[in-house]
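Quick note: the coordinates plus some simple rules give every number you see, no bench work behind them. What you are looking at is a predicted structure, and each value in this text was computed from that prediction instead of being measured. Here the Cβ positions follow ideal geometry from the backbone for every residue, glycine too, while neighbour counts run over all protein chains shown.
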Amino acid sequence: MRDLKGKVAVVTGGASGIGRGITEALLEEGVRVVVADIEEPVLAETVRDLEAFGEVEGALVDVSDFNSMDSLASRVFSKFGACHLLFNNAGVTSGGGGLPWEQEINDWKWCFSVNVFGVANGTLAFVPRMLASGESGVVVNTSSADGGIAPVPYASVYASSKAAVSCFTEALAHQFRQTKSSLRAAVFYPSGGLLDTGLWTAQRNRPSELARVRPRPPAPGTTFEEFRAQLAAAGRPTEVVDLLELGRFAVAGVKAGSFVISHDLDEAGRLLHHRADAIAKGELPDPIL
């Protein structure tokens, strides 16, 4: 899909962070964009900011709710008759790291309801309509190298959710190919440096019914500033990613037909080989610290 001008895209979690970067990059390509987000004030502000750059509209959506996503798909196809690019991008953390047995069931429910069921709901709501339209299209699911590529034991719930997204996207891509459909799938690993996004403050959108039963004080390194300071103290890189440039990178990957859209794939390959070697020996793979 080299020429995106005039195509229709839906970006979940598109009002801020990585999603906004993707939205802006799509508008630069002449794409008509529907920004889906759960934060109404931020959504309205983003649409106002971006209206001058192309055709964009907002939709208040809860990706964890299939009916909400199905209503969005109905709205998009009623207005445009197609969706060519679906970015299942919305994501949250579980509420911090820590020991796996200190995570609560609500941490699992909230994290998986957005990160995994959000992707599932987007796929179930949009893909049948995309197939029926006969138009070519791409489903892009945002995963993470933390879990999607390498084990991260100190973010066990979040990493598990992202590993699920990666596995699901591979299955989706294979099934598109085997059924000779007009669609394909891609997995996007935000990368290239530190990501200063709303993921660090995702608790602001956590439903009250999924609150932790035993509140705990934030652990060191749970804010972006603390995490960056820890890296600096350890002599590790602290360059922050420009989110618009990251969005452009993601869109370029879609145009190029890539399945894996990520920076530093050589390093990812090295990590995966190291993991595979450990598994081949029956050993526990080393974590990313």
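Some observations on this one:
- Rounded to the nearest Hz, the phi-derived 3J(HN,Hα) couplings of region 103-112 under the Karplus curve 6.51 cos²θ - 1.76 cosθ + 1.60 (θ = phi - 60°) are 6, 9, 4, 5, 4, 5, 4, 5, 4, 6, where x marks glycine and proline.
- MRE, 222 nm, helices only [DSSP H, n ≥ 4, -39500 (n - 2.57), over the chain, to nearest 500]: -14500 deg cm²/dmol
- Cα Rg over Rh - region 8-280, Kirkwood: 0.95
- For region 132-137, putting each phi into the Karplus relation 6.51 cos²θ - 1.76 cosθ + 1.60 with θ = phi - 60° gives couplings of 5, 5, x, 7, 6, x Hz, in residue order, rounded to whole numbers and with x for Gly and Pro.
- The GNM of the chain, with springs linking C-alpha atoms under 10 angstrom apart, assigns the highest mean-square fluctuation among L85, L99, L50 to L99.
- Measuring between alpha carbons in the structure, the pairs from K79/K180; K5/K79; K5/K255; K109/K162; K7/K255 lying more than 20 angstrom apart are K79/K180.
- Choice from K255, K109, K79 showing the highest fluctuation, given a GNM over the chain with Cα pairs closer than 10 Å: K79
- Using the Cβ of D3 as centre and a radius below 12 Å, the other residues enclosed give a net charge of +3, where K and R count +1 and D and E count -1.
- Computed over the chain with a Gaussian network model linking Cα atoms closer than 10 Å, the most mobile of G98, G192, G269 is G269.
- To the nearest ten degrees, helix 224-233 and the longest principal axis of the Cα atoms of the chain are 50 degrees apart.
- Table column - 3J(HN,Hα) (Hz), region 153-169, Karplus curve with 6.51, -1.76, 1.60, x for Gly and Pro: x, 8, 9, 4, 6, 4, 4, 4, 5, 6, 4, 4, 4, 4, 5, 5, 5
- Relative contact order (%) - criterion: Cα under 8 Å, at least six apart; region: region 8-280: 21
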